[in-house]
1. Are there any pairs with C-beta distances below 9 angstrom linking a residue in the stretch 375-389 that is farther than 25 Å from A402 by Cα and assigned to a strand (DSSP E or B) to a residue that is among the aromatic types (F, W, Y) and modelled with pLDDT under 95, with the two at least 6 apart or on different chains, and if so which?
2. Can you find, within the stretch 94-153, the residue that is farthest from the ligand (Cβ to nearest atom) among those that are charged (D, E, K, R) and without any contact (Cβ under 8 Å) to a residue 40 or more places away in the chain?
3. Is it the case that A368 is at pLDDT below 95, crowded, with 16+ Cβ neighbours inside 10 Å and of a type in the set (G, A, S)?
4. State the number of residues belonging to the stretch 243-271 that are under 24 Å from the mean Cα position of the chain (by Cα), without any contact (Cβ under 8 Å) to a residue 40 or more places away in the chain and within 16 Å of the ligand (Cβ to nearest atom).
5. Among the residues of the stretch 285-299, write down those that are under 17 Å from L219 (Cα atoms) and either among the charged types (D, E, K, R) or in contact with a Leu (Cβ under 8 Å, 6 or more places away or on another chain) (or both).
6. Mind counting the residues in the stretch 342-365 that are touching a residue at least 12 places away in the same chain (Cβ under 8 Å) and either among the aliphatic types (A, V, I, L, M) or in a helix (DSSP H, G or I) (or both)?
7. Take the conditions crowded, with 17+ Cβ neighbours inside 10 Å, assigned to a helix (DSSP H, G or I) and acidic (D, E) and apply them to D406. Does it pass?
8. Could you list all residues from the stretch 355-365 that are surrounded by fewer than 17 Cβ atoms within 10 Å (Cβ to Cβ) and small (G, A, S)?
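The values are calculated or read from the model by the stated rules, or taken from the named source; none is laboratory data. These numbers were taken from a predicted model, which means no experiment stands behind them. Don't worry about glycine lacking a Cβ; one is built from the backbone with ideal geometry, like all the others, and counts go over all protein chains shown.
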Amino acid sequence: MRTPAPEPAADPRRSVPSVDRVLARLTGLPPALLADCARDAVDAARDRATTGATVTEAAVVADAQARADRRARQLLQRVVNATGVLVHTNLGRAPIDPESVAAAASVTTGYSNLEYELESGTRGSRHVHAGTLLARACGAESGIVVNNNAAAVLLALGALARDRDVLVSRGELVEIGGGFRVPEIMAESHCRLIEVGTTNRTRRADYAAACTDATALVLKVHASNYRMVGFTEATPVQELATLGPPVMVDAGSGLLDEQTPWLGGRPDWLFDEPGVRQAVASGAGIVTFSGDKLLGGPQAGVIVGRANLVAACAAHPLARAVRADKMTLAALQHVALAYLDGRAASLPIWRMAARTVPELRARAEAVAAAVPGATVVATDAVAGGGSLPGLTIPSAGVALPAGDADATLARLRTQGVIARIDHDAIVCDLRTVDPDDDDRLATALAAART
Ligand SMILES: *Cc1c(COP(=O)(O)O)cnc(C)c1O
């Protein structure tokens, strides 16, 4: 008599629910993205099942929903910058004034005279808007706006110095961060880089000795994110302007006027940050800077200077490839008008910079009162964005005992709050927090406590 074959063990993978069953129970994202999460969770469950683990439908749905929630948090969204870094490149640099955004919305939700002369009814130039106004605001003859300052430098070098020499001090062959290296930009623009002077000292005579008929430009790069101290010497724009070739200044931060008249004077923390107006007044032929650093506008690169040099930049084929779009131009026009109108103090970057310590302490006290264990601390905010290393802006914030600091920071991030660790405490600097976000900050801190 034959014994019956043993029943084959039930395939453990049969307990894994179908992607459709899981997908039907997910929320929070478009179906295409939820389907990806459902599929990934089902795949992971199948792998677990083959190793013998028990898999329930509820667990697979929970895993898929957790994946969807993580995916939703990756979407571009508003966060609370509690780092105290005003121009934080990873957090989108300068917040844009809501009025500038409203102006951009009004211009761009319909048609506009972006490249159209309303008076003559003929084709116009997009450069006559924000570019012209920003030039006026810093005392330059002419100006254009491109995608960002890296593009502005690339375009200006390509348009004004292709196949010719550009003199740069050895102390200014810097990397600004994010891959912007002066020698590489130079190579991309097909300019010959002529290094002059030494790392710590470069004098006018060094430039003069290197100046020949092949010299197209003398370039001065704002050292931005680092500062040399000690036995140093750099040649001011005023002296470079007497060499002959046009001087190009990469001013980086876009501080329009180093006297900051919109703040009623120059704050200590701006120390020796060079102003665009002063570079122009000192004889620079071309000055480039970012729109979203200390200018306080949208991402953009601004080229201002002598009319013939700016026109050469505008006429170069690369200008078409790096041109700014109408949203940027409309928002930047509003920012330029604020400067021309003496209202720049109302731009978020300058409002944050100008907040007094007592005002920040009062807000910190209100936040700390809502968070058990939190204390008010004195902090140091910084400008950031490659401007002014070494100088801090006295500020105030809220500190939480760190516990497991990395875990606490991670919990804060899930609530969209970016804080920092300082002396074994979690610190939220209020200078960079919009007062409207104080409640959100308090709620997040209370929830993140260990
Ligand atoms: C920030 C900076 C740049 C790069 O500007 P983007 O607007 O980020 O392209 C270039 N040069 C200097 C000196 C800077 O500070």
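1. A383/W269; L388/W269; L388/F271; P389/Y226
2. Restricting attention to the stretch 94-153, the residues satisfying the condition of being charged (D, E, K, R) are 97, 99, 115, 117, 119, 123, 126, 136, 141.
Next, only the ones that are without any contact (Cβ under 8 Å) to a residue 40 or more places away in the chain stay: 115, 117, 119, 123.
Working: E115: 24, E117: 30, E119: 33, R123: 29 Å.
Looking at the filtered set, the residue picked out is E119.
3. On the way: at pLDDT below 95: no; crowded, with 16+ Cβ neighbours inside 10 Å: yes; of a type in the set (G, A, S): yes.
Answer is no for this residue.
4. Qualifying residue count for the region: 3.
5. Residues satisfying the conditions are G285, I286, F289.
6. The initial filter retains those residues of the stretch 342-365 that are touching a residue at least 12 places away in the same chain (Cβ under 8 Å), namely 342-350, 352-355, 357, 360-361, 363-364.
Narrowing the set further to residues that are either among the aliphatic types (A, V, I, L, M) or in a helix (DSSP H, G or I) (or both) leaves 344-350, 352-354, 357, 360-361, 363-364.
Summing the residues that are touching a residue at least 12 places away in the same chain (Cβ under 8 Å) and either among the aliphatic types (A, V, I, L, M) or in a helix (DSSP H, G or I) (or both) in the stretch 342-365 gives 15.
7. Details: crowded, with 17+ Cβ neighbours inside 10 Å: no; assigned to a helix (DSSP H, G or I): yes; acidic (D, E): yes.
Criteria not met by D406.
8. A362
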